[in-house]
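Take a look at the structure below.
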Amino acid sequence: MSINGDSTMDLHGRSLLKEIDLSADEFRYLLDSAERLRDDKRRRAERPRLCGRNIALIFEKASTRTRSAFEVAAHDQGAHVTYLGPEESQLGYKESMKDTARVLGRMFDGIEYRGFSQAAIETLGRHAGVPVWNGLTDEWHPTQMLADMLTMRDHATKPLSAVSYCYLGDTRNNTANSLLVTGALLGLDVRLAGPEELWPSPEVRTIAHELAADSGAEITLTDDVFEAVRATDYLYTDVWLSMGEPPESWDERIDLLLPYQVNTAVMHAAANPEVKFLHCLPALHNEETEVGRQLFERRGLEALEVTDDVFESHASVVFDQAENRLHTIKALMVETAGD
């Protein structure tokens, strides 16, 4: 897809707390900005637009991609970052989020928050007085969606609005919620396949259907894997044991979700030789992690949500997707907190 030239849109001072903080045009504008910044970085021709800015990174949950993307993006653009991990602030222990917001807003030009409560980041956004960016909460994952949509656009042979994708697994988690709502916002054909007891909440579904009524998006929720994946362009899944489930609950959860594993049969069922595989990572696709070894010893499973042959196949674009976290997060910071 071509980059939209010199088109501009003023997002300065704006926060991104959830996907619906953006209009469809604003979302697409950030994708265009990310494309330009990616091209500039690859040509070593970046013009820093965050010089002199100070960025706070609040992490209640550990992360590889989100922290790395924010830090590298900020440094590329001339900003300084301060990392505040779970043990490095009084947040929620001796100081409320409202008070923390008013303190940090006096010192920083932008704040990233990755944690549990959506209510917490909404409070941060109301009181900080500077742009606040959601690096993940229990309900939404908007910075991941920017990377996902850029990746889909990169690999599509048709307009993004004509793309279809299917998310398989626990369809009530933050990634699934965000994929449903983002697809509805942008007018895509979005499908969720999972056990009915793990479907999104009625509130999330209502948001998606209201957006789809305006955008023309198609929304499908089903427990039938092969119905869901037929004629899709992208299959997407997420790790099943990422939500803090204790090991004693693993067996029940795995048994519930195994029918939704992305494997060769499911990829073939898409009946699209160009179908691509997406995953927001980390992925339990082999025994090369501590959790992977535990699962193999316990259940004899070599993989969970995606098999290794799919993950390592030519159809997998997960590392393009991971890289695009950097470029889209950079675009978000530049457009909302840059000069």
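Closer than 27 Å to Ala322 by Cβ and of a type in the set (Asp, Glu): which single residue out of Asp138, Asp99 fits that description?
On the way: Asp99 fails: closer than 27 Å to Ala322 by Cβ.
Just one listed residue meets the conditions, Asp138.
This table checks each residue for (1) closer than 17 Å to Ala147 by Cα; (2) modelled with pLDDT of 95 or more; (3) of a type outside the set (D, E, K, R); (4) surrounded by fewer than 20 Cβ atoms within 10 Å (Cβ to Cβ).
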residue	(1), (2), (3), (4)
Arg49	no, yes, no, yes
Ala62	no, no, yes, yes
Ala73	yes, yes, yes, no
Met107	no, yes, yes, yes
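Can you go through Leu57, Leu31, Leu50, Leu11 and tell me which one is in the same structural domain as His127 (by TED's automatic domain parsing), among the aliphatic types (A, V, I, L, M) and part of a loop (DSSP other than H, G, I, E, B)? Show your work before the answer.
Details: Leu57 fails: part of a loop (DSSP other than H, G, I, E, B); Leu31 fails: part of a loop (DSSP other than H, G, I, E, B); Leu11 fails: in the same structural domain as His127 (by TED's automatic domain parsing).
Checking each option against the conditions leaves just Leu50.
What's the total number of residues in the range 112-152 that are surrounded by 21 or more Cβ atoms within 10 Å (Cβ to Cβ), among the polar types (S, T, N, Q) and under 24 Å from Arg205 (Cβ atoms)?
4
Keeping to the range 315-339, report how many residues are surrounded by fewer than 16 Cβ atoms within 10 Å (Cβ to Cβ) and among the small types (Gly, Ala, Ser).
0
If Pro202 satisfies every condition in (1) crowded, with 23+ Cβ neighbours inside 10 Å; (2) more than 17 Å from the chain's Cα centre (by Cα); (3) within 30 Å of Leu124 (Cα to Cα) but one, which is the exception?
So the condition that Pro202 fails would be (1).
Hey, can you tell me all the residues within the range 171-198 that are buried (at least 22 other Cβ atoms within 10 Å of the Cβ) and more than 19 Å from Pro142 (Cβ to Cβ)?
Arg191, Ala193, Gly194
Looking only at the range 205-228, which residues are closer than 25 Å to Leu258 by Cβ, buried (at least 19 other Cβ atoms within 10 Å of the Cβ) and free of Cβ contacts under 8 Å to residues at least 60 places away in the same chain?
Hit for the range 205-228 is Val225, nothing else.
Return the pair list, or none, for Cβ contacts closer than 6 Å from residues in the range 140-167 that are assigned to a helix (DSSP H, G or I) to residues that are surrounded by fewer than 24 Cβ atoms within 10 Å (Cβ to Cβ) and at pLDDT below 95, at least 6 apart or on different chains.
Within 6 Å, the pairs are Arg153/Met1.
Give the range 229-252 a look and list any residue that's in contact (Cβ under 8 Å) with a residue 12 or more places away in the chain and farther than 28 Å from Ser316 by Cα, or say none.
Selection gives Pro247 alone.
Can you pull out the residues in the range 64-118 that are over 22 Å from the mean Cα position of the chain (by Cα), aromatic (Phe, Trp, Tyr) and under 21 Å from Pro48 (Cα atoms)?
Within the range 64-118, Phe108 is the sole residue that qualifies.
Please go through the range 119-146 and give me each residue that is among the small types (Gly, Ala, Ser) and out of contact with any strand residue (DSSP E or B) (no Cβ under 6 Å at 6 or more places or on another chain), ordered by number. Lay out the reasoning, then the answer.
So the first thing to find is which residues in the range 119-146 are among the small types (Gly, Ala, Ser), and the list is 119-120, 125, 128-129, 135.
Ala119, Ala120, Gly129 - these are the residues of the range 119-146 that are among the small types (Gly, Ala, Ser) and out of contact with any strand residue (DSSP E or B) (no Cβ under 6 Å at 6 or more places or on another chain).
Is it true that some residue in the range 313-333 is over 30 Å from Leu17 (Cα atoms) and among the hydroxyl-bearing types (Ser, Thr, Tyr)? Give the steps one after another, and end with the answer.
The initial filter retains those residues of the range 313-333 that are over 30 Å from Leu17 (Cα atoms), namely 313-315.
This time we only want the ones that are among the hydroxyl-bearing types (Ser, Thr, Tyr), so: 313.
Yes, some residue in the range 313-333 is over 30 Å from Leu17 (Cα atoms) and among the hydroxyl-bearing types (Ser, Thr, Tyr).
Given (1) among the β-branched types (Val, Ile, Thr); (2) assigned by TED's automatic domain parsing to the domain that holds Phe296; (3) closer than 27 Å to Ser63 by Cβ, identify the lone condition not met by Thr206.
Here Thr206 clears every test but (3).
So in the range 252-275, with the set limited to residues that are hydrophobic (A, V, I, L, M, F, W, C) and surrounded by fewer than 16 Cβ atoms within 10 Å (Cβ to Cβ), which one is nearest to the chain's Cα centre (by Cα)? First the steps, then the outcome.
Just the residues of the range 252-275 that are hydrophobic (A, V, I, L, M, F, W, C), to begin with: 254, 256-258, 262, 265-267, 269-271, 275.
Checking the rest, the ones that are also surrounded by fewer than 16 Cβ atoms within 10 Å (Cβ to Cβ) come to 258, 265, 271.
Working: Leu258: 23, Ala265: 26, Ala271: 26 Å.
So, considering only residues that are hydrophobic (A, V, I, L, M, F, W, C) and surrounded by fewer than 16 Cβ atoms within 10 Å (Cβ to Cβ), the one nearest to the chain's Cα centre (by Cα) is Leu258.
Any idea which of Glu312, Glu305 is over 13 Å from the mean Cα position of the chain (by Cα), closer than 17 Å to Thr237 by Cβ and surrounded by 22 or more Cβ atoms within 10 Å (Cβ to Cβ)?
Working: Glu312 fails: surrounded by 22 or more Cβ atoms within 10 Å (Cβ to Cβ).
Just a single option satisfies the conditions, and that option is Glu305.
Can you tell me which residue in the range 161-170 is surrounded by the fewest Cβ atoms within 10 Å (Cβ to Cβ), limited to those that are under 16 Å from Gln261 (Cα atoms) and not charged (D, E, K, R)? Lay out the reasoning, then the answer.
Of the range 161-170, the ones under 16 Å from Gln261 (Cα atoms) are 165-170.
Now narrow it down to the ones that are not charged (D, E, K, R): 165-169.
Details: Tyr165: 23, Cys166: 28, Tyr167: 27, Leu168: 25, Gly169: 27.
It comes out as Tyr165.
The values are calculated or read from the model by the stated rules, or taken from the named source; none is laboratory data. Here the structure is a predicted model, which means the values were calculated and not measured. Glycine also receives a Cβ, built like all others from the backbone with ideal geometry; neighbour counts cover every protein chain displayed.
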